[in-house]
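Okay, so here's the structure we're looking at.
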Amino acid sequence: MTTILFLHGWGGNADSFAPISQYFAHACDESGEPYQVLAPTLPCPPSEVYTLEDYADDVDKFLQEIG
């Protein structure tokens, strides 16, 4: 199974990838297996200093949570 991870920018959310993530959610890779599509909405708090390291930590936390 091929996994595709869509990551939105600061202040965005997973909805920005809805059309393309829905396409891949119903498509198959070259071996005929369905894609696993991951499109999390990360916190990205606008009122705090939020660094690239914070963003990477949130992505890592999400991936750890889903296994």
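The values are calculated or read from the model by the stated rules, or taken from the named source; none is laboratory data. What you see is a predicted model; the values in this text were computed from it and never measured. Every residue, glycine as well, gets a Cβ built from its backbone with ideal geometry; the counts of neighbours run over all protein chains shown.
Results for (1) at pLDDT 90 or above; (2) of a type in the set (Asp, Glu), shown as yes or no for each residue.
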site: His8; (1), (2): no, no
site: Asp15; (1), (2): no, yes
site: Ala27; (1), (2): yes, no
site: Tyr50; (1), (2): no, no
site: Tyr55; (1), (2): no, no
site: Asp60; (1), (2): yes, yes
Just checking, does the range 28-40 include any residue being assigned to a loop (DSSP other than H, G, I, E, B), in contact (Cβ under 8 Å) with a residue 24 or more places away in the chain and of a type in the set (A, V, I, L, M)? yes
Output the number of residues of the range 23-56 satisfying the condition of being among the charged types (D, E, K, R) and surrounded by 13 or more Cβ atoms within 10 Å (Cβ to Cβ). 2
Among the residues of the range 12-22, is there at least one that is touching a residue at least 12 places away in the same chain (Cβ under 8 Å), part of a loop (DSSP other than H, G, I, E, B) and surrounded by 10 or more Cβ atoms within 10 Å (Cβ to Cβ)? yes
Number of positions in the range 44-62 that are touching a residue at least 40 places away in the same chain (Cβ under 8 Å) and hydrophobic (A, V, I, L, M, F, W, C): 1
